[in-house]
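Single-structure report; data block below.
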Amino acid sequence: MLLSYLSARYLASGTMSLIFGLSPLISGLLAQRLLGEAKFGSMKILALGMAFTGLGIVCSSKLSLDSDSWIGLVLILTAVFLFSLSGVLIKTIKINIHPIASTVGALAFSTPVFALA
């Protein structure tokens, strides 16, 4: 969350939201590697490729490498990777926790950090 907040200095919130659209793709790839889940089928690969291409088209006009937007891009991509990684790694823990409790815990930690940033 902290990296998302920091990237807001360099990127528009709409661009950040679109980039967060990569999280299912990253989560799926990480789940294959870390959890041994089934590989993507050809239809899923085609759909993800189309989604990724669309994301690139929409975001490309908002990003320019000659400004500081690349800093925001690196920050938000790192945030998306860590978000996806945490979602996959939480599956390895054999504990019965409600998603609301997990969300409240994450917000309790990130909100004070957001206030400081």
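The values are calculated or read from the model by the stated rules, or taken from the named source; none is laboratory data. The shown structure was predicted, so the numbers you read here are calculated from the model rather than taken from an experiment. All Cβ positions, even for glycine, are placed from backbone atoms using ideal geometry, and neighbour counts span all protein chains on display.
Step by step: first the residues of segment 9-19, then only those that are of a type in the set (A, V, I, L, M, F, W, C) and crowded, with 17+ Cβ neighbours inside 10 Å, then the one that is farthest from the chain's Cα centre (by Cα). Which residue is that? Walk me through how you get there before you give the answer.
At the first step, the residues of segment 9-19 found to be of a type in the set (A, V, I, L, M, F, W, C) are 11-12, 16, 18-19.
Right, trim to crowded, with 17+ Cβ neighbours inside 10 Å and you get 11, 16, 18-19.
Details: Leu11: 15, Met16: 9, Leu18: 10, Ile19: 7 Å.
Ranking the qualifying residues of segment 9-19, first place goes to Leu11.
With respect to Thr78, is the statement that it is more than 26 Å from Lys94 (Cβ to Cβ), among the polar types (S, T, N, Q) and at pLDDT 90 or above true? Quick ask: steps written out before the conclusion?
Numbers: more than 26 Å from Lys94 (Cβ to Cβ): yes; among the polar types (S, T, N, Q): yes; at pLDDT 90 or above: yes.
Spelling it out, Thr78 is indeed more than 26 Å from Lys94 (Cβ to Cβ), among the polar types (S, T, N, Q) and at pLDDT 90 or above.
If you go through segment 86-103 one residue at a time, how many are farther than 20 Å from Glu37 by Cα and surrounded by 10 or more Cβ atoms within 10 Å (Cβ to Cβ)? Steps first, answer last, please.
First, pick out the residues of segment 86-103 that are farther than 20 Å from Glu37 by Cα: 96-103.
Cutting the leftovers down to surrounded by 10 or more Cβ atoms within 10 Å (Cβ to Cβ) gives us 97, 102-103.
Residues meeting the conditions: 3.
Being farther than 11 Å from Ser23 by Cβ and not in a loop (DSSP other than H, G, I, E, B) is the filter; apply it to segment 81-100 and report the residue that is modelled with the highest pLDDT.
Let us first name the residues in segment 81-100 that are farther than 11 Å from Ser23 by Cβ, namely 89-100.
Checking the rest, the ones that are also not in a loop (DSSP other than H, G, I, E, B) come to 89-92, 99-100.
Values: Leu89: 93, Ile90: 86, Lys91: 85, Thr92: 86, Pro99: 81, Ile100: 90.
Filtering first and then ranking leaves Leu89.
Using the structure shown, decide if Val113 is within 19 Å of Met1 (Cα to Cα) and either loosely packed, with under 12 Cβ neighbours inside 10 Å or over 18 Å from the mean Cα position of the chain (by Cα) (or both).
Working: within 19 Å of Met1 (Cα to Cα): yes; either loosely packed, with under 12 Cβ neighbours inside 10 Å or over 18 Å from the mean Cα position of the chain (by Cα) (or both): yes.
Yes; evaluated as a whole, the condition is true for this residue.
For segment 1-21: of the residues being outside any helix (DSSP H, G or I) and touching a residue at least 60 places away in the same chain (Cβ under 8 Å), which is nearest to Phe81 (Cα to Cα)?
Going residue by residue through segment 1-21, those that are outside any helix (DSSP H, G or I) are 1, 8-12, 21.
Keeping just the survivors that are touching a residue at least 60 places away in the same chain (Cβ under 8 Å) gives 1, 8-11.
Numbers: Met1: 11, Ala8: 17, Arg9: 19, Tyr10: 18, Leu11: 17 Å.
Going through the qualifying residues, I end up with Met1.
Just for segment 22-75: of the residues that are in a loop (DSSP other than H, G, I, E, B) and among the hydrophobic types (A, V, I, L, M, F, W, C), which one is surrounded by the most Cβ atoms within 10 Å (Cβ to Cβ)?
Just the residues of segment 22-75 that are in a loop (DSSP other than H, G, I, E, B), to begin with: 22, 36-41, 61-68.
Filter once more, so that each one left must be among the hydrophobic types (A, V, I, L, M, F, W, C): 22, 38, 40, 63, 65.
Working: Leu22: 19, Ala38: 9, Phe40: 15, Leu63: 17, Leu65: 7.
Per the stated criteria, the residue is Leu22.
Only residues in segment 87-108 that are touching a residue at least 12 places away in the same chain (Cβ under 8 Å) count as the first member; pair them with residues that are among the polar types (S, T, N, Q), Cβ under 9 angstrom, at least 6 apart or cross-chain, and list the lot.
As it stands, the answer is Gly87/Ser23; Gly87/Ser27; Val88/Ser27; Ile90/Ser102; Ala106/Ser86, since those pairs meet every condition given.
Among Thr78, Thr103, which is more than 11 Å from the chain's Cα centre (by Cα), within 19 Å of Ser23 (Cβ to Cβ) and hydroxyl-bearing (Ser, Thr, Tyr)?
Every option except Thr103 fails the conditions.
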